[in-house]
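One structure is given here, and the rest of the page talks about it.
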C-alpha cells in the first residue's frame, strides 16, 4: 500500500516543476505545495512503519534489461530519517527562504529541482539511480550560488562545481568497477555488501577508496572541504539552507552505505576516525577567525559533519545510529540558523558580527531563534542534537575507549565561541544596530516548524529509535 508513494515522491515534484515553468505565476506557492506534499507522504510512510515495526520497502522497474539495469527504489530506517529531514528542510526553505521574494520563478524552480534530486537519491535502490539523482541534486545548488547568490557568487559557484565534478567522476568510476566486477553486473544497493565480497580484493579497495573520496567531498571533510564556506556564504538564503541542510547529507548517506556494506571498511575506520577528528578541530580554529555570520554557520557544518563521520567509523550500533540521528538533527538546526542569518541580513543590511550590536532590541524573535540554534548545535538537552551526541559518543567510547571523547572538545570550543559572538553582537546593551526592514509571517512560520521538529526529536527520540532493531541499510 505504501510502495506507490515512493515513485510519487519523485513524480509530484516533477509535475510542480513543470507547472512553475509553464505558468510562471504563483511559483512560490507551487514550491511550497510541492514540499508539503512530499512532507505529508513521508509522515505517512513513517506512520505506516511505526505500525508495522519495520521501515523496509522496495520497488523495482525494468529500464535496460539487456544490461541488467533496473530503476530500484527502496526505503529503510536510514532513508526514512533522511527523507523526513530533507522534506522538512525543503518545505521550510520554500516557505521562508526567499525573504525578499525576488526572482520567485527561478528560485522556486531550482528548489523543486533540488527536491527531485535529493528525494531520488535517498530513495535509490541501486547505484545507477543513485548516480543520476546525485548529479541532479548538484545542478540546482550551482545556480542558487551562481545566479541568485551575493557579490562573490561566480567564484564560489565555479569552485563548488569543480569539486562536485571531481566527486561525480570518482563516484562514476567506482560504479563502473562494481558493475564489471560483480556477479551478474548487479548494482543493487541492498546487495552491495555481498557483491563487494565477491569482487577481487584489490578491486574492493579501489571501489571503497573512490566512493570514499566522492562522499568525503560532499560531507565535506578536511582536506576536501574548502568549497563549502564560500558556497554557503555566497548562496542565496534558500541555497544555504539546502546546501548545508540536505546536500551535505548526500555524502553522509553514502558513508553510511559503504562503511556498513564493505567488510574492508573496518581496516580503514581508525585512519578515517583520525582524519575526522582533525577535520573537526581544524574547522573550530578556522571558525574563530570568521566575522561573517553566514560563514560562521557554514563552518559549524564542517565541525558537525566531521563528528558524524567520526561516529560512523565506530561501526557499532550506537555510533552508526547516532550518526544517522546527528544528520537528522544537523539538517534541521543548520536550516534554522541559516534562515535566521538571512533574516538578520535582510533586517539590518549587515552580516558582519563585528558591526552588529544589540540586534535583539531590533529583531528579538530572530535573535532568540538563532540562540536556540546555538543551543541545539552544541547539544543542549531536549534538542535532537543532544540525543545524537549521546549516541555518538557512547559509540565512540565503545569503539576507541576514552580517546573517543576527544572530538567532543571541538563542540565545547565551538559552543564557547558561538556564545561569545551572540553575547557581543546580539545582546549587547551598550550599542544597538538599527533595523532598516522587517521580516514577514513566512519566516516566523519557518522558525516554528523547524524548532518544533528539533524539540520533538529531542524529547521523543523513540519515534525513530524504536525501529532500530528492524533497520537494514
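The values are calculated or read from the model by the stated rules, or taken from the named source; none is laboratory data. Since the model is a prediction, treat every value here as computed from it, not as a measurement. Cβ placement follows ideal geometry from the backbone for every residue including glycine, while neighbour counts extend to all protein chains displayed.
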TODO: Please work out which residue is surrounded by the most Cβ atoms within 10 Å (Cβ to Cβ), limiting yourself to region 121-131 and to residues that are farther than 18 Å from residue 327 by Cβ and modelled with pLDDT under 90.
DONE: 127
Open item on the list: Condition first: on the phi < 0 side of the Ramachandran plot, surrounded by fewer than 24 Cβ atoms within 10 Å (Cβ to Cβ) and part of a loop (DSSP other than H, G, I, E, B). Can you find one or more residues in region 293-302 that meet it?
Closed with: no
Task: So residue 346, is it surrounded by fewer than 24 Cβ atoms within 10 Å (Cβ to Cβ) and assigned to a helix (DSSP H, G or I) - done: yes
TODO: Go through the residues of region 158-168 one by one and say whether even a single one is closer than 23 Å to residue 196 by Cα, surrounded by fewer than 24 Cβ atoms within 10 Å (Cβ to Cβ) and in contact (Cβ under 8 Å) with a residue 24 or more places away in the chain.
DONE: yes
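Across region 230-256, what is the number of residues that are over 24 Å from residue 91 (Cα atoms) and modelled with pLDDT under 90?
1
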TODO: For residue 109, indicate whether it is over 15 Å from the mean Cα position of the chain (by Cα) and assigned to a helix (DSSP H, G or I).
DONE: yes
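Residues are listed down the side, and each one gets a yes or a no for (1) at pLDDT 90 or above; (2) within 24 Å of residue 276 (Cα to Cα); (3) in contact with a helix residue (DSSP H, G or I) (Cβ under 8 Å, 6 or more places away or on another chain):
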{"residue": "327", "(1), (2), (3)": "yes, yes, yes"}
{"residue": "340", "(1), (2), (3)": "yes, no, yes"}
{"residue": "349", "(1), (2), (3)": "no, no, no"}
{"residue": "362", "(1), (2), (3)": "no, no, yes"}
{"residue": "376", "(1), (2), (3)": "yes, yes, yes"}
{"residue": "394", "(1), (2), (3)": "yes, yes, yes"}
Task: Considering residues of region 87-106 that are assigned to a helix (DSSP H, G or I), in contact with a helix residue (DSSP H, G or I) (Cβ under 6 Å, 6 or more places away or on another chain) and surrounded by fewer than 24 Cβ atoms within 10 Å (Cβ to Cβ) only, the residue modelled with the lowest pLDDT - done: 104
Open item on the list: I need a count of the residues in region 169-184 that are closer than 21 Å to residue 135 by Cβ and in contact with a helix residue (DSSP H, G or I) (Cβ under 7 Å, 6 or more places away or on another chain).
Closed with: 9
